[in-house]
Every structure is written in C-alpha cells, then in structure tokens.
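A short write-up of the structure that comes next.
The values are calculated or read from the model by the stated rules, or taken from the named source; none is laboratory data. Quantities reported herein were computed from a predicted structural model and do not represent experimental measurements. Cβ coordinates were reconstructed from backbone atoms using ideal geometry, including for glycine residues, and neighbour counts include every protein chain displayed.
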Amino acid sequence: MKTFISLIAVSLTAGIILLVTANLLEQSDNNDGNTLYVYNWGEYIDPGLLEKFYEETGIRVVYETFDSNEAMMVKVNQGGTPYDVIFPSEYTVEKMIKDQLIIPLDYSRLPNAKNIDNDISSRMPEEITAYSVPYFFGTVGILYNEEIVPELKFSTWNTLWDESLENEILMVDGAREVLGMSLNSMGESLNTTDDEKLQTAADKLIQLSPNIRGIVGDEIASMMTENEAQVAVVWSGMAQDIMRENDEMNYTVPKEGSNLWFDAMVIPKNSENTDGAYQFINFLLDSEIAAVNTEWVGYATPNTAALELMDEEVRKDTRFYPEDEQLESLEMYRDLGPEMISRYNELFLQFKMSLD
Amino acid sequence: MRRLLAVPYFIWMLVFVITPLLLMAGYSFLDFSGNITLNNYAEFFSGNYIKMTVSSFWYAFLITIFTLLVSYPLALAVRMTSNKTMWLLIIILPTWINLLLKTYAFIGIFGRNGVVNGIAGWLNIGGFQLLFSDAAFIIVSVYIFMPFMLLPVFNAIDDIDNNLLNAARDLGASRTEVLFKVIMPLSVEGVKTGVQVVFIPSLSLFMITRLITGNKVITLGTAIEQQFLTNENWGMGSTIGVFLILMMLIVMIFTGGSSKKRVNKI
C-alpha cells in the first residue's frame, strides 16, 4: 500500500512540475511577442510562407489545422489554446460575431487590404467585412466527366434530374449545399426560410434519389479522381483539386445561381498577440505573397493585385473567377439560426433516407 | 483497506459512467433555448426516427448473423489446428490497424475501377456496382467485427474437454451429432457474448455508412452525429442516445443472464 501511495505521489509531483514548466515556457514565448498561433484548414497555406514570415518579422508561427468549421468552433469555444489568427468560412464568421468570439478589425493596421477585390468583398455583408478579411473564395457547382457526358452541358441545375444519369451523381454531405441546390433549381434563394418552398425543394430532391450514387464527405475528391461517378456536386476549390488530377473532369456553375463562399481571416478575442496577428494578415494580403500562396493552394483568390501577377490562363478562367454577370446570380449563405438549420437538416435527412 | 482500494474505481465509475449518463438523460429533456420539454421524445416517435431505428436494427441483425456464420466455423477450425495461438494472432492482427484506414482501403477495393472489378474484368465477368451497396456495407462490417465475435466463440469452444467429444463418439454419435448436440450447446455462452459485442456497436455505426454506402444506409449513429455536430441540437441528440441505450439494455437482457448460471455451476 505504501508503494502504491508513493507511486501516486511521485506521478502527481512529476505532473505538476511538467505543467508549471510548460506554462512558464509558453508565457515566456508569448511575452516576447514572437510566437503566433494560427488555426487554419489543412493544406491551405504554402508552408514556405511561414518560413518567410519568420525571416521578415522574427515571429515564429505555430500552425494547427482543422477539417470542419464545426470542429474548429468546438475547440475555440473550449478556449484551450489562445489562437491569434483563425480562418473560418463566412457563415461561421457570422456565428463567431454573434457569440462574441472575435474582434472587429482595425483596417488602418492592414494597409494591404486595399488589394482585395471590391466587387467581391462588397457582396459580403458589412458586419462580416468589419470582422474579417477574405482569404480564398469559391462557388458550389457541378463537376462532370466531359468524355462520358459531353452532350449534357449542365447549364441548369435541372440537368441533374436527367434520366441518363441514373446512379451517377455524388454529392457533398451538407444540408445547406444540397437543399440550396434544389432551391436554386427552382429559382429560389438558397437562404429561403419559407417552409412551403423548403418542402417543395425537399420533394424535388427526393425525385433525384435514383440518380444519386452516394452522399459523401471529403472522400468525394479521391472518388472523382478515380472516376467513381460521372457527376458530382462539389465546392469549386475541391473541383480544382480534382481537375488537376483528372483531365476528363470539367466544372461549371449553372445559370440559376449558386452559393458564393469565403474563407476569411479573423482575430479571436482571446488572442495574446494581436500585433503579430495584424502583421500576419497584412503579410498574406501582400500581392506577391498572395500570388505565391494562390499558386500553391490552387483556390480562387479575392486579391486583385495578386491575380494580376498570375498566368493569364488562371486569371481568365471564368469557371473559378466568375464574371460580373454570373456574380450577380451568386448568393452567400446567411446564418439562419439554429431552428432553421435544424429544419434544413431534417429535410436533408429525409432525402438521405429516400436513397436506396 | 480493501474498501479503500475500491475508491478510485468508484470515482471513475461516478465521473465517467454515471455522470455522463445522467447528463445525457437530462439534456434529452431540453430544447434549443434550454427550456424543459418533451418535444424531443414526441419528435422521436413521429416517423423518421422510428424508421431509422428499424433500419438500424435490421442492419445490426444482418451484420451479427453473418459475422456469426463466418466466425463459428473459423473458431472450430482454429481449435483443430496444432498452432492455435499463431492462427488466432493472424486473425486478430487486422484489429491493430486503424478502423478508418481499413474502411478507406475498402473504397479502393470495391470502387468501379477497384481491385474486385479489375479481377472481374480480367476474368471477363463484367463490372459490379459494389461500392455504395448494402452488400458492401455488410461485408466491410463483418470483416471489422469478425475478430470480436471469434474470440469469445473460440474461447468457449476451446474450453470443451476433448474427453467429452471422444465420449460422444464412443457412444455412437456421428460427427454432425457431436457438433449439434455437444459442441454447440456447450459454446452457447461464447456465442451470446459475441452477439452482444457485435450487435451493440453495429447499432450505432456511422463512419462506415457514409464512406462505404454514401449515406444510403442511415443508422441512429448518423443521426446522433448530425444532431451534435451540424444542428448543435444536443437535446435531440441526447434523446436518440437515450433510446440507443434502452435498446442495448434490451439486447443485454435477451442475451445476458449467462454469468449467473456460470457462477452457480462453480
């Protein structure tokens, strides 16, 4: 028994000592003002740039990644690590503002923010731009195999209901994306809260079920690369990744309109290095840096100055850099509140249950 | 002193078993804004979730039956080999690999251009639509759960005294009679444990349903994940959780009662 107690005592002391030293170390890091905690999506920044940022400013970046806005929110809410810069999607920015998790940005400390395309940022509600700067943007659209289904041009969402596509469509596992697609196909807004319209959209979706091969998550990328299905409803960023691996695929956004999404940079309230955070955001907004980063990540950048430095082939690609006319038809997701989100998910679940 | 030793275990049970269960039961009576309500239960009985429960049960049943059908003969075969430990180790080895990793591997195997269709094409027997089918779901689940069924069944079969089998043969029983009248009744406890270990987790499978069937199979596990992560409706998620636990209890009652009997015999 004595050994038992002493064992516990020893491990407790060791634990406490480690905890205290770890805390001391962390503090000394932060007090120097030379460590920055960055929380971003996986594979979403050129790692070379972190190195470069350190050389320029002497600030060491501690880089952590998440794979969904929801997972990120859970971790930020717990408040374990005080992150300095986070990269949530626009609807999550809205939620973080409501939950008072982030601070309004002082644009005088972000001179490079002038590089951001006004056309695009003006589409974001002011309250969102006050708290965040767009990082990359994109749409939801149709990825299709050009060699197999060339006669279907997918200029309208309704093409998805075509009988020839039986068991050929993969979809992303998101209630907003899938119901929004159905709402768009009826010419409705993808932020509809009218229950009757939602129900009609859900009924229309159920008619689509014979064509659905599966509803999957990020696996969709590797599945489409391997030609598992001929058509997929995906985000443009994912489509770009797939098209780089698989030449047969092409991407289009139907004319009725679709979703316009952003991933943005925000500074959380509990940041301990706000100075460094501003420096980091401003660094990423620099035209040359942003051009290098866009090259590496491969998503569409809202940074006009950076875009001018890129190849014409990239710049003029209207599939990923939509022209004004098309931009008009695009809509951002608004935070509809938990009850409405529940309703969307309930209808989405019904759709899933109609598959077989 | 003896009692003192039980204290850590008691604390553990209190913190990690009893409190979470009570919390979950409590949450199941709360709505979005934290008001006390019975709506979650009303919603559970209003259609969708009942259908989901039935389908969860059906698939869990199929998975358990097929796992048993594969594991029982295998356990018998392992008993007869001279190097049991080695064979057991080989069968259990896959459980050392991460579950997700194994599931991803099956995507590659079952895909349109996957291994199975590659071989089928080479043999000229045409392409199969395996991925996203019920069959694929059952095969992958059986593969994953097989070791958990095999171990208790094997232990029960291995415990049977060889003399009993020899005596049965001496007294004129045929091989099939030995199997059905001696081995099977004596291994029933192992089968019960195996059924519990397989049936209960397969009720709430969720990752495999998305990866292998593309959400064409929807179980209660999927619904719980969605309620907690996407809807952030902890109340509804907890309600489904409560029902899942109730169902597991029922399964335990039907397959349980075994440990008591054993103690009595000893």
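Of everything in the stretch A:339-356 that is at the interface with chain B (Cβ under 7 Å from one of its Cβ atoms) and outside any loop (DSSP other than H, G, I, E, B), the residue that is surrounded by the most Cβ atoms within 10 Å (Cβ to Cβ) is A:352.
Matching residues to (1) at pLDDT below 90; (2) among the β-branched types (Val, Ile, Thr):
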site	(1), (2)
A:291	no, no
A:299	yes, no
A:304	no, yes
A:312	yes, no
A:319	yes, no
A:325	yes, no
A:337	yes, no
A:351	no, no
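Quick check on the stretch B:185-230: of everything there that is among the β-branched types (Val, Ile, Thr), touching a Gly at 6+ places or on another chain (Cβ under 8 Å) and in contact (Cβ under 8 Å) with a residue 60 or more places away in the chain, which residue is farthest from the other protein chains (Cβ to nearest Cβ)? Working first, answer last.
As a first pass, look at the stretch B:185-230 and keep what is among the β-branched types (Val, Ile, Thr): B:188, B:191, B:193, B:195, B:197-198, B:200, B:208-209, B:212-213, B:217-219, B:222, B:224, B:230.
Filter once more, so that each one left must be touching a Gly at 6+ places or on another chain (Cβ under 8 Å): B:209, B:213, B:224.
Adding the requirement that they be in contact (Cβ under 8 Å) with a residue 60 or more places away in the chain leaves B:209, B:213.
Numbers: B:209: 10, B:213: 7 Å.
The residue in question is B:209.
Filtering the stretch B:28-80 to residues that are under 16 Å from the mean Cα position of the chain (by Cα), crowded, with 17+ Cβ neighbours inside 10 Å and within 14 Å of chain A (Cβ to nearest Cβ) leaves B:53, B:56, B:59. Scanning for something within 14 Å of another protein chain (Cβ to nearest Cβ) and crowded, with 16+ Cβ neighbours inside 10 Å, does the stretch A:281-291 turn up at least one residue? No: zero hits.
Any idea how many residues of the stretch A:316-338 are within 14 Å of chain B (Cβ to nearest Cβ) and without any contact (Cβ under 8 Å) to a residue 24 or more places away in the chain?
Here is the first cut: in the stretch A:316-338, the ones within 14 Å of chain B (Cβ to nearest Cβ) are A:333, A:335-338.
Among the residues that remain, those that are also without any contact (Cβ under 8 Å) to a residue 24 or more places away in the chain are: A:337-338.
Count: 2.
Applying the condition of being more than 13 Å from chain A (Cβ to nearest Cβ) and either in a loop (DSSP other than H, G, I, E, B) or out of contact with any helix residue (DSSP H, G or I) (no Cβ under 9 Å at 6 or more places or on another chain) (or both) to the stretch B:103-127 and asking which residue is surrounded by the most Cβ atoms within 10 Å (Cβ to Cβ) yields B:120.
Which residues, taken from the stretch A:269-293, are without any contact (Cβ under 8 Å) to a residue 60 or more places away in the chain and under 21 Å from the mean Cα position of the chain (by Cα)? It would help to see each step written out before you state the result.
Residues of the stretch A:269-293 without any contact (Cβ under 8 Å) to a residue 60 or more places away in the chain: A:288, A:291.
The answer is A:291, and nothing else.
Condition check ((1) in contact (Cβ under 8 Å) with a residue 40 or more places away in the chain; (2) part of a strand (DSSP E or B); (3) away from chain B (no Cβ under 14 Å); (4) touching a Phe, Trp or Tyr at 6+ places or on another chain (Cβ under 9 Å)) across all residues:
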{"position": "A:218", "(1), (2), (3), (4)": "yes, no, no, no"}
{"position": "A:223", "(1), (2), (3), (4)": "yes, no, no, no"}
{"position": "A:227", "(1), (2), (3), (4)": "yes, no, no, no"}
{"position": "A:237", "(1), (2), (3), (4)": "yes, no, yes, yes"}
{"position": "A:256", "(1), (2), (3), (4)": "yes, no, yes, yes"}
{"position": "A:263", "(1), (2), (3), (4)": "yes, yes, yes, yes"}
